[in-house]
Amino acid sequence: MCFNISITKTVEEIGDFYGIASAEIPPLPEYYNVSGFSHPEIPVLFTNSSGIKVIELMKWGLVPHWVKTVRDAKRITGKTLNARSETLHLLPSFRESIRKKRCVVVVDGFFEPHHS
């Protein structure tokens with residue numbers, strides 16, 4: 001599973017690709033090898049309630065709808081950094097989100113270091 005990302009594109013490049021004015025996109029961090037376990041802020045593209053595409057910075061880590069406390073949310077975010085496609089529809093953590101709350105994580109690299 002890939003827990004490292006890179007973001008090297010500019011706001012202008014991302015805006016052009018997704019058809020969003022660069023003025024509407026927050027300043028983006030430059031990451032070359034950042035771990036998901038540090039819960040970095042990463043750009044996420046989604047459609048808001050008015051049907052408009054927006055990009056916002058969000059912390060990496062899913063907090064399922066059934067989590068009630070901040071303490072529980074902090075505990076679960078390390079376990080929900082990514083998911084396997086084979087079990088997405090089965091696990092309670094991801095089941096509702098995959099059906100109703102889709103988004104695009106705007107990064108240009110997902111990778112995992114290999115140790116030999």
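The values are calculated or read from the model by the stated rules, or taken from the named source; none is laboratory data. Values in this document were obtained by computation on a predicted structure and should not be read as measured data. Heads up, the Cβs are rebuilt from the backbone with ideal geometry, glycines too, and the neighbour counts pull from every protein chain shown. The accessibility values were calculated without ligands, DNA or RNA, using every heavy atom of the protein model including side chains. Shrake-Rupley method; radii C 1.70, N 1.55, O 1.52, S 1.80 Å.
Based on DSSP loop calls and a cut-off of at most 11 other Cβ atoms within 10 Å, the longest stretch of the chain free of exposed GluC sites (Glu not before Pro) is what? Within the chain, the longest run free of exposed GluC sites (Glu not before Pro) spans 31-85.
For the set HIS114, HIS39, HIS65, the ranking by accessible area, highest first and with no ligand, DNA or RNA atoms included, is HIS114, HIS65, HIS39 under a 1.4 Å probe.
Among residues other than GLY15 with Cβ under 15 Å from its Cβ, the summed charge is -4 (Lys and Arg +1, Asp and Glu -1).
Fully extending the segment from LEU81 to ASN48, taken as 0.36 nm per residue of separation minus the present Cα-Cα distance, adds 9.6 nm. In straight-distance terms, cross-link reach from LYS79 covers every one of the lysines whose alpha-carbon lies under 18 Å from its own, apart from those fewer than eight places away in the same chain; here that gives LYS59, LYS68. For segment 56-68, 3J(HN,Hα) computed residue by residue from phi via the Karplus equation (6.51, -1.76, 1.60; θ = phi - 60°) reads 10, 7, 9, 6, 6, x, 7, 10, x, 4, 8, 6, 9 Hz, glycine and proline entered as x.
Under 5 Å from the amide H of VAL106 lie the amide H atoms of VAL44, LEU45, each residue being 5 or more positions distant or on a separate chain, with H modelled from the backbone and absent for Pro and chain starts.
Sparsely packed loop sites in segment 42-116 (the chymotrypsin sites (Phe, Trp or Tyr not before Pro) outside DSSP H, G, I, E and B with at most 13 other Cβ atoms within 10 Å) comprise TRP66. In this simple spin-label model, placing a label point 7 Å from the Cα along the Cα-to-Cβ direction at both VAL70 and GLU56 gives a separation of 1.8 nm.
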